[in-house]
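Read the structure below first, then the notes.
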Amino acid sequence: MSQKICKYLYKIDEFNQAKSMFCYISYISEVETQTLINDFID
């Protein structure tokens with residue numbers, strides 16, 4: 001599910017052009033967000 005969400009987000013122009021982003025750090029069984037955060041920082 002995490003990969004599907006990331007692939008979807010990467011197709012959105014506004015997401016790709018964003019200069020800032022708010023994202024929670026996932027916990028236990030939530031959708032994994034660390035990869036998304038790392039990609040945005042790099």
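Computed from the coordinates by the stated procedures, all read-outs in this text should not be read as laboratory data. Small disclaimer: the values here were computed from a predicted structure and weren't measured. Here Cβ is always computed from backbone atoms with ideal geometry, including for glycine, and neighbour counts include all displayed protein chains.
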Cross-chain or 6+ apart pairs with Cβ under 7 Å, the range 14-42 first and closer than 16 Å to LYS4 by Cβ, then loosely packed, with under 11 Cβ neighbours inside 10 Å and of a type in the set (Phe, Trp, Tyr): THR33/TYR24
Residue within the range 18-39 that is touching a Leu at 6+ places or on another chain (Cβ under 7 Å) and of a type in the set (Phe, Trp, Tyr) present: no
